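Below is one structure; the comments refer to it alone.
The values are calculated or read from the model by the stated rules, or taken from the named source; none is laboratory data. Predicted model only: the values in this text are computed from it and were never measured. For neighbour counting, all protein chains shown are included, and Cβ atoms are generated from backbone atoms with ideal geometry for every residue, glycine included.
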């Protein structure tokens with residue numbers, strides 16, 4: 001007899017209103033779904049995860065490509081040394 005592993009988990013969550021969410025006790029790492037989106041508590045404050053809350057949320061991703069630093073010529077990052085990354089529109 002073979003062993004079967006569950007590789008997919010489905011969770012049904014309640015959808016609360018934003019008014020109810022704002023009455024919750026703040027608990028780091030909590031996730032709440034409301035009519036306006038999905039929220040979590042990060043750094044003691046509510047942060048909107050979805051739909052994206054935009055610039056200044058502290059969450060997201062970025063990709064940096066350049067021709068100077070490669071797998072054979074890596075950018076060295078040292079503790080306590082500030083590095084500025086220039087941004088250009090393509």
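State yes or no: is residue 36 at pLDDT below 70 and surrounded by 10 or more Cβ atoms within 10 Å (Cβ to Cβ)? When the stated conditions are applied, residue 36 does not pass them. A search for C-beta distances below 7 Å between a residue of the range 42-56 that is at pLDDT below 80 and any residue that is assigned to a strand (DSSP E or B), counting only pairs 6+ apart in sequence or on different chains, returns 53/47.
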